[in-house]
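Asker: Below: one structure in structure tokens.
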Amino acid sequence: MSYSVTPIGFVRSCFKEKFAIPRQPQLAPAARGVLELVAPFDQAEAVQGLEQVSHVWLLFIFHQALEDKPRLKVRPPRLGGNQSLGVFATRSTHRPNGIGQSVVRLDKVEPGRLWLSGIDLLDGTPVLDIKPYVPYADCLAGAHNGIAEQAPAPITVDWSTTALAEAQAHGERLGEPLVALIEQCLAQDPRPAYQQPEPARRYGARLWDVDVRWHYPETGRITVLEVTPA
Ligand code: SAM
């Protein structure tokens, strides 16, 4: 038996590539985007009442991680990439049907558009459904997860003087909290855990329309080197 699904909209996101996107929503509150709904869901009726809701669940397609062959085991980056687990014990992007789910903040609603923050979604992500977050049912005080009990401890992010000035100027131009976005994303340490960061090695990622470059002067510490137009 097979079912077909059709996106109800697409996310325009600050994240233009997969690298440096936080591994879950809410880790970077400054990560913003707009969910643009497509017809017929771009009508006011479809979002009526949603202004009473602070957060929504998004069900979406990992459109840049789709695979033909199902995997039974995956290697989550959180475990250093060298330990494998059953796919259903993880939130890996490599999964049957390629479906992701994220709870994100709903900052503003208008017909055809939802303004979101705290996202972990790549630009262009196709969204299959939106559901309001229901605190009494979705927030479970006694829940535990022995694999990912806590958010990973953030690492320290320092700035070169020029990079900070560049980020502030681009943030003003974009009308976005770019300094906070860079700090929040890099504090998650985007580098794969198996890679030893040599101080000479530079890393980079695109946020909005700028390229951010950084290095690790020592383990557990990042310095942002430059923020330049993409
Ligand atoms: N919160 C979701 C979940 O649990 O289903 C996503 C978790 S997944 C571990 C998060 C990662 O998915 C991000 O770090 C990013 O690299 C990747 N990602 C986000 N949007 C994607 C997309 N449209 N296609 C492929 N990968 C994507």
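Asker: Given 0.36 nm per residue, what is the gain on full extension from Leu174 to Glu226 after removing their alpha carbon distance, in nm?
Answerer: Working: separation 52, 0.36 × 52 = 18.72 nm, distance 1.69 nm.
Length difference between fully extended and current span is 17.0 nm.
Asker: If the reach is capped at under 24 angstrom between alpha carbons, list the lysines near Lys16, excluding any in the same chain fewer than eight residues apart.
Answerer: Lys108
Asker: Give the long-range amide H neighbours of His55: residues separated by 5 or more places, or on another chain, with amide H under 5 Å away, using H modelled in the peptide plane at 1.01 Å from N.
Answerer: Leu106, Tyr133
Asker: Are there trypsin sites (Lys or Arg not before Pro) in region 1-76 that DSSP marks as loop and that have at most 14 other Cβ atoms within 10 Å, and which are they?
Answerer: Values: sites: Arg12, Lys16, Lys18, Arg23, Arg32, Arg71, Lys73; in loops: Lys16, Lys18, Arg23, Arg71.
Within region 1-76, the qualifying trypsin sites (Lys or Arg not before Pro) (loop, at most 14 other Cβ atoms within 10 Å) are Lys18, Arg71.
Asker: Could you tell me the center-to-center distance, by alpha carbons, between region 1-39 and region 45-121 in angstrom?
Answerer: Going from one Cα centre to the other spans 7 Å.
Asker: Check Leu128: other-chain or 5+ apart residues with amide H under 5 Å from its amide H, H built from backbone geometry?
Answerer: Excluding prolines and chain starts, which carry no amide H, the hits are Ile8, Leu59, Phe60, Ile61.
Asker: Now for a separate question. Considering the options Pro126, Trp208, Gly100, tell which one lies farthest towards the positive end of the dipole of the chain, charges being +1 on Lys and Arg and -1 on Asp and Glu at the Cβ, about the Cα centre.
Answerer: Towards the positive end, the residue furthest out is Gly100.
Asker: Run the helix sum for the chain: -39,500 (n - 2.57) per DSSP H stretch of 4+ residues, divided by residue count, reported at 222 nm to the nearest 500 deg cm²/dmol.
Answerer: Details: 4 runs with 31 residues, N = 230.
One gets -3500 deg cm²/dmol as the mean residue ellipticity at 222 nm.
Asker: What's the magnitude of the charge dipole for region 73-230 around its Cα centre, counting Lys and Arg as +1 and Asp and Glu as -1 at the beta-carbon? Answer in Debye, nearest 20.
Answerer: Working: 16 positive and 18 negative charges, 127 e Å.
Roughly 600 debye for region 73-230.
Asker: Right, here's the next one. What does the C-alpha gyration tensor say about the overall shape of region 30-134? Classify as rounded when a/c is under 1.5, otherwise prolate if a/b is larger than b/c, or oblate. Could you put the intermediate results ahead of the total?
Answerer: On the way: a/c = 2.65, a/b = 2.05, b/c = 1.29.
Prolate.
Asker: Which one, Trp159, Leu116, Pro76, is farthest towards the positive end of the dipole of region 65-170 when Lys and Arg carry +1 and Asp and Glu -1 on their Cβ?
Answerer: Pro76
Asker: Still on this structure, please answer the following. Quick one: grab the alpha carbon gyration tensor of region 70-213, order the square roots of its eigenvalues as a ≥ b ≥ c, and give me rounded if a/c is under 1.5, else prolate or oblate depending on whether a/b is larger than b/c.
Answerer: Working: a/c = 1.85, a/b = 1.16, b/c = 1.60.
Oblate, since a/c reaches 1.5 and b/c is not below a/b.
Asker: Straight-line reach from Lys18: which aspartates and glutamates have Cα under 19 Å away, leaving out those fewer than 8 places along the same chain?
Answerer: In chain and number order, the partners are Glu67, Asp120, Asp123, Glu183, Asp189, Asp209, Asp211.
Asker: Pick from Glu17, Glu45, Glu183 the residue whose mean-square fluctuation is largest in a GNM of the chain, springs joining Cα atoms under 10 Å.
Answerer: Looking only at Glu17, Glu45, Glu183, the biggest GNM fluctuation is shown by Glu45.
Asker: Here's a follow-up. Who wins for biggest fluctuation among Thr161, Thr93, Thr125 in a Gaussian network model of the chain, springs between alpha carbons below 10 Å?
Answerer: Of Thr161, Thr93, Thr125, the most mobile in the Gaussian network model is Thr161.
Asker: Placing +1 at every Lys and Arg Cβ and -1 at every Asp and Glu Cβ, with all other atoms neutral, what dipole size does region 132-201 have around its Cα centre, in debye to the nearest 20? Don't skip to the answer; put the middle values down first.
Answerer: Numbers: 3 positive and 9 negative charges, 24 e Å.
Computed about the Cα centre, the dipole is about 120 debye.
Asker: Amide H of Lys73 versus every other amide H placed in the peptide plane: which residues, excluding those fewer than 5 positions away on the same chain, fall under 5 Å?
Answerer: Amide H neighbours of Lys73, under 5 Å, 5+ apart: Val87.
Asker: Residues with beta-carbon under 14 Å from that of Trp208, excluding Trp208: net charge, scoring Lys, Arg +1 and Asp, Glu -1? Write down the numbers at each step before the final one.
Answerer: Numbers: positive: Arg12, Lys16, Arg32, Arg173, Arg206; negative: Glu17, Asp123, Glu166, Glu172, Glu176, Asp209, Asp211.
Neighbourhood net charge equals -2.
FYI, it's all coordinate maths here, none of it is from the lab. Given the structure is predicted, the values throughout are model-derived calculations rather than measurements. We place every Cβ from the backbone using ideal geometry, glycine too, and count neighbours over all the protein chains shown.
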